[in-house]
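Below is one structure, written out as C-alpha coordinates; comments come after it.
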Amino acid sequence: MKRLMLLAGLAAIAFTGPALADTNLKLVEVITSPQRTEFLKGQISKFEAANPGVHVEIVSLPWGEAFEKFLTMVQAGETPDIAEMPERWMSLYANNGQLEDLTSYIAKWDEASTLNDRAVQFSKTVNNTPYMVPYGFYLRGLYWNKKLFQEAGVAAPPKTLDEFMDVSKKIAALGGGKAGYCLRGGKGGTGGTAFFMLTMDGKGKFFNDDGTSTFADADAAKGMQFLVDLYKAGGAPKDSLNWGFNETVTGFYSGTCAMLDNDPDAMIGILDHMKPEDFAVAPMPVGPGGHAYPSIGYAGWSMFANSEHKEESWKLMSYLLDADQNIEWAKFVGVLPIHKGAEKNEHFAGERYAGWFQELNDPQWQPIPWPAHLEEFGYFFDVMSVQSFQEALLGQKQSADVAKEWADYLTTAQQKFLASKK
(Lines give C-alpha, C1' and ligand atoms only; values in the text may rest on other atoms or scores of the structure.)
Protein backbone atom coordinates (compact mmCIF):
# COMPACT_ATOMS: atom_id res chain seq x y z
CA MET A 1 0.00 0.00 0.00
CA LYS A 2 2.78 2.40 0.94
CA ARG A 3 4.48 1.60 -2.37
CA LEU A 4 1.28 2.36 -4.28
CA MET A 5 0.86 5.65 -2.43
CA LEU A 6 4.48 6.56 -3.21
CA LEU A 7 4.00 5.80 -6.90
CA ALA A 8 0.80 7.83 -6.93
CA GLY A 9 2.63 10.74 -5.34
CA LEU A 10 5.43 10.53 -7.90
CA ALA A 11 2.90 10.41 -10.69
CA ALA A 12 1.20 13.51 -9.34
CA ILE A 13 4.52 15.34 -9.21
CA ALA A 14 5.31 14.28 -12.76
CA PHE A 15 1.87 15.35 -13.93
CA THR A 16 2.18 18.80 -12.37
CA GLY A 17 5.75 19.29 -13.61
CA PRO A 18 4.97 21.47 -16.64
CA ALA A 19 2.83 23.84 -14.54
CA LEU A 20 5.68 24.26 -12.05
CA ALA A 21 7.97 25.15 -14.97
CA ASP A 22 5.88 28.15 -15.99
CA THR A 23 7.76 31.44 -15.92
CA ASN A 24 6.16 34.66 -14.71
CA LEU A 25 7.84 37.89 -15.79
CA LYS A 26 7.08 41.36 -14.47
CA LEU A 27 7.47 44.30 -16.87
CA VAL A 28 7.08 47.93 -15.75
CA GLU A 29 6.23 50.65 -18.24
CA VAL A 30 6.56 54.29 -17.20
CA ILE A 31 5.79 56.48 -20.25
CA THR A 32 2.19 55.46 -20.25
CA SER A 33 -1.21 56.09 -21.76
CA PRO A 34 -4.22 53.75 -21.96
CA GLN A 35 -3.84 53.32 -25.72
CA ARG A 36 -0.12 52.70 -25.48
CA THR A 37 -0.61 50.08 -22.77
CA GLU A 38 -3.17 48.24 -24.90
CA PHE A 39 -0.74 48.22 -27.84
CA LEU A 40 2.02 46.82 -25.62
CA LYS A 41 -0.38 44.17 -24.32
CA GLY A 42 -1.07 43.17 -27.91
CA GLN A 43 2.63 42.72 -28.66
CA ILE A 44 3.15 40.72 -25.48
CA SER A 45 0.13 38.50 -26.18
CA LYS A 46 1.77 37.46 -29.45
CA PHE A 47 5.00 36.74 -27.56
CA GLU A 48 3.16 34.63 -24.99
CA ALA A 49 1.38 32.68 -27.72
CA ALA A 50 4.74 31.87 -29.31
CA ASN A 51 6.28 30.99 -25.93
CA PRO A 52 3.88 28.72 -24.01
CA GLY A 53 4.52 28.75 -20.31
CA VAL A 54 5.83 32.31 -20.19
CA HIS A 55 3.41 34.81 -18.69
CA VAL A 56 4.04 38.56 -18.51
CA GLU A 57 2.53 40.89 -15.93
CA ILE A 58 2.50 44.54 -17.05
CA VAL A 59 2.68 47.24 -14.38
CA SER A 60 1.79 50.68 -15.76
CA LEU A 61 2.89 53.73 -13.78
CA PRO A 62 1.36 57.15 -14.50
CA TRP A 63 4.07 59.19 -16.24
CA GLY A 64 3.62 62.29 -14.11
CA GLU A 65 4.49 60.31 -10.98
CA ALA A 66 6.61 57.57 -12.51
CA PHE A 67 10.04 58.68 -11.29
CA GLU A 68 9.00 58.75 -7.65
CA LYS A 69 6.79 55.63 -7.83
CA PHE A 70 9.38 53.51 -9.60
CA LEU A 71 12.13 54.61 -7.21
CA THR A 72 9.89 53.65 -4.29
CA MET A 73 9.23 50.24 -5.84
CA VAL A 74 12.93 49.55 -6.29
CA GLN A 75 13.83 50.75 -2.79
CA ALA A 76 11.16 48.43 -1.40
CA GLY A 77 12.69 45.49 -3.26
CA GLU A 78 9.77 45.21 -5.69
CA THR A 79 12.01 45.13 -8.75
CA PRO A 80 10.66 43.93 -12.10
CA ASP A 81 12.42 41.62 -14.52
CA ILE A 82 12.19 44.21 -17.29
CA ALA A 83 11.70 47.96 -17.02
CA GLU A 84 11.06 50.71 -19.51
CA MET A 85 14.06 52.94 -18.88
CA PRO A 86 14.12 56.63 -19.86
CA GLU A 87 17.70 57.69 -20.57
CA ARG A 88 17.83 60.08 -17.63
CA TRP A 89 17.10 57.30 -15.12
CA MET A 90 19.61 54.80 -16.42
CA SER A 91 22.67 56.01 -14.52
CA LEU A 92 20.81 56.04 -11.21
CA TYR A 93 20.07 52.32 -11.43
CA ALA A 94 23.08 51.13 -13.44
CA ASN A 95 25.64 52.74 -11.16
CA ASN A 96 23.99 51.08 -8.19
CA GLY A 97 24.50 47.67 -9.76
CA GLN A 98 20.79 47.14 -10.31
CA LEU A 99 20.76 46.73 -14.09
CA GLU A 100 22.03 43.75 -16.03
CA ASP A 101 24.97 44.18 -18.42
CA LEU A 102 23.44 43.14 -21.76
CA THR A 103 26.74 42.64 -23.61
CA SER A 104 26.58 38.84 -23.80
CA TYR A 105 22.92 38.83 -24.82
CA ILE A 106 23.43 41.39 -27.60
CA ALA A 107 26.46 39.46 -28.88
CA LYS A 108 24.21 36.47 -29.61
CA TRP A 109 21.33 38.54 -31.03
CA ASP A 110 20.92 38.20 -34.80
CA GLU A 111 19.43 41.67 -35.20
CA ALA A 112 22.19 43.50 -33.32
CA SER A 113 23.98 44.12 -36.63
CA THR A 114 21.05 46.14 -38.00
CA LEU A 115 20.89 48.62 -35.10
CA ASN A 116 21.65 52.14 -36.26
CA ASP A 117 24.59 54.09 -34.85
CA ARG A 118 22.46 56.10 -32.44
CA ALA A 119 20.96 52.96 -30.92
CA VAL A 120 24.40 51.47 -30.33
CA GLN A 121 25.73 54.75 -28.93
CA PHE A 122 22.86 55.38 -26.54
CA SER A 123 22.75 51.82 -25.23
CA LYS A 124 26.21 52.45 -23.72
CA THR A 125 25.68 55.85 -22.11
CA VAL A 126 26.72 54.58 -18.67
CA ASN A 127 30.27 53.20 -18.32
CA ASN A 128 30.31 52.30 -22.01
CA THR A 129 28.16 49.31 -21.08
CA PRO A 130 24.80 48.38 -22.65
CA TYR A 131 22.45 48.48 -19.68
CA MET A 132 19.55 49.29 -21.97
CA VAL A 133 18.63 48.91 -25.63
CA PRO A 134 16.69 51.93 -26.92
CA TYR A 135 13.36 51.30 -28.61
CA GLY A 136 13.35 54.69 -30.32
CA PHE A 137 14.37 58.33 -30.23
CA TYR A 138 12.51 61.45 -29.17
CA LEU A 139 13.81 64.41 -31.20
CA ARG A 140 12.39 67.89 -30.73
CA GLY A 141 10.77 69.43 -33.83
CA LEU A 142 8.49 72.43 -34.39
CA TYR A 143 4.81 71.72 -35.11
CA TRP A 144 3.08 74.73 -36.67
CA ASN A 145 -0.59 75.41 -37.38
CA LYS A 146 -0.92 76.54 -41.00
CA LYS A 147 -4.37 78.07 -40.53
CA LEU A 148 -3.38 80.24 -37.57
CA PHE A 149 -0.24 81.33 -39.37
CA GLN A 150 -2.32 82.34 -42.38
CA GLU A 151 -4.72 84.31 -40.17
CA ALA A 152 -1.77 86.16 -38.68
CA GLY A 153 -0.31 86.88 -42.10
CA VAL A 154 2.71 84.61 -41.62
CA ALA A 155 3.65 82.43 -44.57
CA ALA A 156 6.20 80.03 -43.12
CA PRO A 157 7.49 78.66 -39.81
CA PRO A 158 10.16 80.70 -38.02
CA LYS A 159 13.75 79.93 -38.95
CA THR A 160 15.41 81.90 -36.13
CA LEU A 161 14.68 82.60 -32.47
CA ASP A 162 13.93 86.24 -33.32
CA GLU A 163 11.35 85.14 -35.87
CA PHE A 164 9.93 82.73 -33.30
CA MET A 165 9.30 85.59 -30.87
CA ASP A 166 7.83 87.77 -33.63
CA VAL A 167 5.44 85.03 -34.81
CA SER A 168 4.34 84.31 -31.23
CA LYS A 169 3.36 87.95 -30.75
CA LYS A 170 1.52 88.11 -34.09
CA ILE A 171 -0.55 85.04 -33.23
CA ALA A 172 -1.36 86.50 -29.79
CA ALA A 173 -2.49 89.72 -31.51
CA LEU A 174 -5.30 87.74 -33.16
CA GLY A 175 -7.09 87.84 -29.80
CA GLY A 176 -9.69 85.37 -28.68
CA GLY A 177 -7.28 83.68 -26.31
CA LYS A 178 -4.89 82.66 -29.08
CA ALA A 179 -1.18 82.39 -28.34
CA GLY A 180 1.90 81.64 -30.36
CA TYR A 181 3.65 78.99 -28.34
CA CYS A 182 2.42 75.95 -26.40
CA LEU A 183 4.81 76.44 -23.50
CA ARG A 184 5.35 73.41 -21.27
CA GLY A 185 5.86 74.78 -17.79
CA GLY A 186 5.05 71.56 -15.93
CA LYS A 187 6.59 68.06 -15.90
CA GLY A 188 8.89 67.46 -18.86
CA GLY A 189 9.16 71.16 -19.67
CA THR A 190 12.90 71.26 -19.05
CA GLY A 191 13.43 69.83 -22.53
CA GLY A 192 12.06 72.96 -24.16
CA THR A 193 13.78 75.34 -21.77
CA ALA A 194 17.13 73.64 -22.29
CA PHE A 195 16.74 73.97 -26.08
CA PHE A 196 16.36 77.73 -25.88
CA MET A 197 19.25 78.03 -23.40
CA LEU A 198 21.65 75.86 -25.42
CA THR A 199 20.67 77.42 -28.74
CA MET A 200 21.01 80.97 -27.44
CA ASP A 201 24.36 80.07 -25.87
CA GLY A 202 25.66 78.49 -29.06
CA LYS A 203 28.21 76.09 -27.57
CA GLY A 204 26.18 72.98 -28.29
CA LYS A 205 27.06 71.13 -25.12
CA PHE A 206 25.93 70.82 -21.52
CA PHE A 207 29.41 71.00 -19.98
CA ASN A 208 32.78 72.61 -20.51
CA ASP A 209 35.89 70.42 -20.38
CA ASP A 210 36.42 71.21 -16.70
CA GLY A 211 32.94 69.90 -15.84
CA THR A 212 31.30 73.28 -15.34
CA SER A 213 27.78 73.58 -16.73
CA THR A 214 27.22 75.85 -19.73
CA PHE A 215 23.96 76.91 -18.09
CA ALA A 216 26.18 79.28 -16.11
CA ASP A 217 26.92 81.23 -19.30
CA ALA A 218 25.24 84.63 -19.60
CA ASP A 219 23.89 83.71 -23.04
CA ALA A 220 22.30 80.53 -21.66
CA ALA A 221 20.47 82.61 -19.05
CA LYS A 222 19.28 84.83 -21.93
CA GLY A 223 17.68 81.72 -23.44
CA MET A 224 15.62 81.19 -20.29
CA GLN A 225 14.78 84.89 -20.14
CA PHE A 226 13.62 84.63 -23.77
CA LEU A 227 10.87 82.25 -22.65
CA VAL A 228 10.00 84.36 -19.61
CA ASP A 229 9.65 87.44 -21.84
CA LEU A 230 7.52 85.51 -24.32
CA TYR A 231 5.26 84.25 -21.53
CA LYS A 232 4.83 87.69 -19.98
CA ALA A 233 4.04 89.20 -23.39
CA GLY A 234 1.16 86.78 -23.93
CA GLY A 235 3.02 84.69 -26.47
CA ALA A 236 2.07 81.59 -24.48
CA PRO A 237 -1.17 80.84 -22.60
CA LYS A 238 -1.09 81.92 -18.94
CA ASP A 239 -2.15 78.49 -17.69
CA SER A 240 0.70 76.87 -19.64
CA LEU A 241 2.70 77.50 -16.48
CA ASN A 242 1.52 74.05 -15.35
CA TRP A 243 1.12 72.34 -18.70
CA GLY A 244 2.59 68.90 -19.28
CA PHE A 245 2.65 66.78 -22.43
CA ASN A 246 -1.11 66.26 -22.79
CA GLU A 247 -1.98 69.91 -22.16
CA THR A 248 0.48 71.21 -24.76
CA VAL A 249 -0.73 68.74 -27.39
CA THR A 250 -4.34 69.66 -26.65
CA GLY A 251 -3.43 73.35 -26.80
CA PHE A 252 -1.99 72.82 -30.25
CA TYR A 253 -4.71 70.76 -31.90
CA SER A 254 -7.46 72.90 -30.34
CA GLY A 255 -5.97 76.01 -31.93
CA THR A 256 -5.21 77.67 -28.58
CA CYS A 257 -1.57 78.05 -29.59
CA ALA A 258 0.04 77.88 -33.01
CA MET A 259 3.44 76.32 -32.30
CA LEU A 260 4.49 73.27 -30.34
CA ASP A 261 8.02 71.99 -29.85
CA ASN A 262 7.78 68.27 -29.29
CA ASP A 263 8.81 64.81 -30.35
CA PRO A 264 7.16 62.51 -32.90
CA ASP A 265 4.94 61.02 -30.19
CA ALA A 266 2.81 64.19 -30.17
CA MET A 267 1.77 63.35 -33.73
CA ILE A 268 -0.57 60.62 -32.51
CA GLY A 269 -2.93 62.86 -30.57
CA ILE A 270 -2.70 65.68 -33.10
CA LEU A 271 -3.73 63.49 -36.04
CA ASP A 272 -6.77 62.36 -34.08
CA HIS A 273 -8.05 65.95 -34.06
CA MET A 274 -6.47 67.80 -37.01
CA LYS A 275 -6.37 67.22 -40.74
CA PRO A 276 -2.85 66.41 -41.94
CA GLU A 277 -2.92 69.35 -44.34
CA ASP A 278 -3.60 71.84 -41.53
CA PHE A 279 -0.23 71.48 -39.81
CA ALA A 280 3.37 70.56 -40.51
CA VAL A 281 6.61 69.91 -38.64
CA ALA A 282 9.64 72.10 -39.28
CA PRO A 283 13.16 72.03 -37.84
CA MET A 284 13.62 74.00 -34.64
CA PRO A 285 14.65 77.67 -35.08
CA VAL A 286 18.35 78.47 -35.02
CA GLY A 287 20.06 80.81 -32.59
CA PRO A 288 22.38 83.83 -33.02
CA GLY A 289 25.25 81.54 -34.00
CA GLY A 290 23.31 80.01 -36.88
CA HIS A 291 22.83 76.62 -35.25
CA ALA A 292 20.12 74.88 -33.25
CA TYR A 293 20.63 72.26 -30.57
CA PRO A 294 17.43 70.23 -30.17
CA SER A 295 17.51 67.61 -27.45
CA ILE A 296 17.45 64.01 -28.57
CA GLY A 297 16.05 61.74 -25.92
CA TYR A 298 15.45 58.04 -25.88
CA ALA A 299 14.00 55.27 -23.81
CA GLY A 300 14.30 51.53 -24.03
CA TRP A 301 14.13 48.23 -22.22
CA SER A 302 16.43 47.25 -19.37
CA MET A 303 16.73 44.04 -17.40
CA PHE A 304 17.16 44.11 -13.63
CA ALA A 305 20.24 42.27 -12.42
CA ASN A 306 18.35 40.34 -9.73
CA SER A 307 15.86 38.85 -12.19
CA GLU A 308 15.48 35.12 -11.68
CA HIS A 309 14.47 34.65 -15.32
CA LYS A 310 17.16 36.38 -17.35
CA GLU A 311 17.04 34.20 -20.46
CA GLU A 312 13.26 34.57 -20.71
CA SER A 313 13.52 38.29 -20.00
CA TRP A 314 16.01 38.79 -22.81
CA LYS A 315 13.84 36.69 -25.11
CA LEU A 316 10.96 39.09 -24.48
CA MET A 317 13.16 42.18 -24.83
CA SER A 318 14.67 41.00 -28.12
CA TYR A 319 11.19 40.21 -29.41
CA LEU A 320 9.95 43.73 -28.63
CA LEU A 321 13.10 45.21 -30.18
CA ASP A 322 13.25 43.23 -33.41
CA ALA A 323 12.91 45.20 -36.64
CA ASP A 324 9.30 44.28 -37.39
CA GLN A 325 7.99 44.90 -33.88
CA ASN A 326 10.07 48.07 -33.53
CA ILE A 327 8.63 49.62 -36.68
CA GLU A 328 5.10 49.02 -35.43
CA TRP A 329 5.98 50.29 -31.95
CA ALA A 330 7.65 53.41 -33.36
CA LYS A 331 4.66 54.17 -35.55
CA PHE A 332 2.22 53.78 -32.68
CA VAL A 333 4.05 55.55 -29.83
CA GLY A 334 5.73 58.20 -31.98
CA VAL A 335 9.47 57.63 -31.92
CA LEU A 336 12.13 57.37 -34.61
CA PRO A 337 13.00 53.67 -35.09
CA ILE A 338 16.27 51.99 -34.07
CA HIS A 339 17.06 49.79 -37.08
CA LYS A 340 18.92 50.85 -40.22
CA GLY A 341 16.76 51.65 -43.24
CA ALA A 342 13.65 52.45 -41.20
CA GLU A 343 13.44 55.91 -42.79
CA LYS A 344 12.54 54.18 -46.07
CA ASN A 345 9.39 52.74 -44.53
CA GLU A 346 6.37 54.42 -46.10
CA HIS A 347 5.19 55.72 -42.71
CA PHE A 348 8.43 57.63 -42.08
CA ALA A 349 9.38 58.51 -45.66
CA GLY A 350 6.76 61.22 -46.20
CA GLU A 351 6.74 64.98 -45.66
CA ARG A 352 5.36 64.58 -42.16
CA TYR A 353 8.72 63.46 -40.75
CA ALA A 354 10.95 65.57 -43.00
CA GLY A 355 11.69 68.16 -40.30
CA TRP A 356 13.09 65.56 -37.93
CA PHE A 357 15.24 63.89 -40.57
CA GLN A 358 16.53 67.31 -41.60
CA GLU A 359 17.64 67.84 -38.00
CA LEU A 360 19.35 64.47 -38.03
CA ASN A 361 21.17 65.02 -41.32
CA ASP A 362 21.85 68.79 -41.71
CA PRO A 363 24.88 70.07 -39.72
CA GLN A 364 23.04 73.32 -38.98
CA TRP A 365 21.06 71.25 -36.47
CA GLN A 366 23.06 69.33 -33.92
CA PRO A 367 20.91 67.08 -31.71
CA ILE A 368 22.29 66.77 -28.19
CA PRO A 369 21.66 63.78 -25.92
CA TRP A 370 20.87 64.44 -22.28
CA PRO A 371 23.66 63.87 -19.72
CA ALA A 372 22.10 60.60 -18.69
CA HIS A 373 25.42 59.39 -17.27
CA LEU A 374 24.73 61.49 -14.15
CA GLU A 375 22.90 59.77 -11.31
CA GLU A 376 21.47 63.13 -10.24
CA PHE A 377 20.00 63.99 -13.63
CA GLY A 378 16.64 62.26 -13.18
CA TYR A 379 15.82 64.34 -10.11
CA PHE A 380 17.07 67.51 -11.81
CA PHE A 381 14.91 66.97 -14.89
CA ASP A 382 11.73 65.71 -13.28
CA VAL A 383 11.59 67.72 -10.06
CA MET A 384 14.09 70.49 -9.34
CA SER A 385 14.16 72.24 -12.71
CA VAL A 386 10.37 72.24 -13.08
CA GLN A 387 9.79 74.04 -9.79
CA SER A 388 12.45 76.69 -10.29
CA PHE A 389 11.49 77.47 -13.91
CA GLN A 390 7.91 78.06 -12.80
CA GLU A 391 9.25 80.53 -10.23
CA ALA A 392 11.04 82.38 -13.05
CA LEU A 393 7.87 82.51 -15.16
CA LEU A 394 5.96 83.97 -12.20
CA GLY A 395 8.64 86.57 -11.55
CA GLN A 396 9.46 85.10 -8.13
CA LYS A 397 13.06 84.54 -9.22
CA GLN A 398 15.30 86.08 -11.86
CA SER A 399 16.16 83.89 -14.84
CA ALA A 400 19.85 84.40 -14.24
CA ASP A 401 19.48 83.14 -10.66
CA VAL A 402 17.55 80.05 -11.76
CA ALA A 403 20.08 79.33 -14.51
CA LYS A 404 22.84 79.56 -11.89
CA GLU A 405 20.97 77.15 -9.61
CA TRP A 406 20.77 74.68 -12.47
CA ALA A 407 24.41 75.20 -13.37
CA ASP A 408 25.61 74.76 -9.79
CA TYR A 409 23.66 71.53 -9.38
CA LEU A 410 24.81 70.04 -12.68
CA THR A 411 28.41 71.21 -12.23
CA THR A 412 28.61 69.44 -8.88
CA ALA A 413 27.23 66.26 -10.44
CA GLN A 414 29.50 66.37 -13.49
CA GLN A 415 32.66 67.12 -11.54
CA LYS A 416 31.85 64.29 -9.15
CA PHE A 417 31.45 62.02 -12.14
CA LEU A 418 34.75 63.16 -13.68
CA ALA A 419 36.55 62.65 -10.37
CA SER A 420 35.23 59.09 -10.16
CA LYS A 421 36.87 58.30 -13.49
CA LYS A 422 40.38 59.32 -12.42
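The values are calculated or read from the model by the stated rules, or taken from the named source; none is laboratory data. Please read all numbers here as calculations on a predicted model, not as lab measurements. Cβ placement follows ideal geometry from the backbone for every residue including glycine, while neighbour counts extend to all protein chains displayed. In case anyone asks, the SASA skips ligands and DNA or RNA and just uses the protein heavy atoms, side chains included. Shrake-Rupley method; radii C 1.70, N 1.55, O 1.52, S 1.80 Å.
Values for this structure:
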read-out	value
Percent carbon-and-sulfur accessible area, region 287-338, ignoring ligands, DNA and RNA, probe 1.4 Å	48
Computed over region 89-209: relative contact order in percent, which uses C-alpha pairs under 8 Å that are six or more apart	14
Region 47-118, accessible surface, carbon-and-sulfur percent (1.4 angstrom probe)	50
Vicinal HN-Hα couplings computed from phi for region 359-367 (Karplus, 6.51 cos²θ - 1.76 cosθ + 1.60; Hz; Gly/Pro x)	5, 6, 10, 9, x, 5, 10, 10, x
Region 252-312 and region 377-394: distance between their alpha carbon centers, rounded to Å	20
Region 173-332: relative contact order in percent, alpha carbon pairs under 8 Å with at least 6 residues between	28
The chain: angle of helix 190-201 to the longest principal axis, Cα-based, in degrees nearest 10	50
Counting all C-alpha pairs of the chain, share separated by more than 39 Å (%)	23
Local electrostatic count, LYS397, Cβ distance below 11 Å [Lys/Arg +1, Asp/Glu -1]	-2
All lysines inside 17 Å of LYS41 as judged from Cα atoms, apart from same-chain residues fewer than 8 positions distant	LYS26, LYS315, LYS331
Lysine pair count for region 86-174 [Cα-Cα under 24 Å; pairs on different chains or 8 or more apart]	9
Per-residue ³J(HN,Hα) for region 284-289, Karplus 6.51 cos²θ - 1.76 cosθ + 1.60, θ = phi - 60°, Hz, x for Gly and Pro	5, x, 8, x, x, x
Vicinal HN-Hα couplings computed from phi for region 208-217 (Karplus, 6.51 cos²θ - 1.76 cosθ + 1.60; Hz; Gly/Pro x)	7, 4, 7, x, 6, 6, 6, 5, 7, 5
With every protein chain in place, region 164-215: carbon and sulfur % of accessible area (1.4 Å)	48
Estimated dipole of the chain in Debye, rounded to 20 [Cβ of Lys and Arg +1, of Asp and Glu -1, Cα centre]	120
Three-way shape call for region 262-350 based on the alpha-carbon gyration tensor, with the a/c threshold at 1.5	prolate
For PHE137, distant residues with modelled amide H under 5 Å away	LEU336
Antiparallel bridges, percent of DSSP beta bridges restricted to the chain (to nearest 5)	60
Relative contact order of the chain, pairs being alpha-carbon contacts under 8 Å that are 6 or more residues apart, as %	25
Against the rule of thumb 2.2 N^0.38 Å, how large the Cα Rg of region 210-283 comes out	1.36
For the chain, accessible area per residue (1.4 Å probe, heavy atoms of protein chains only), Å²	43
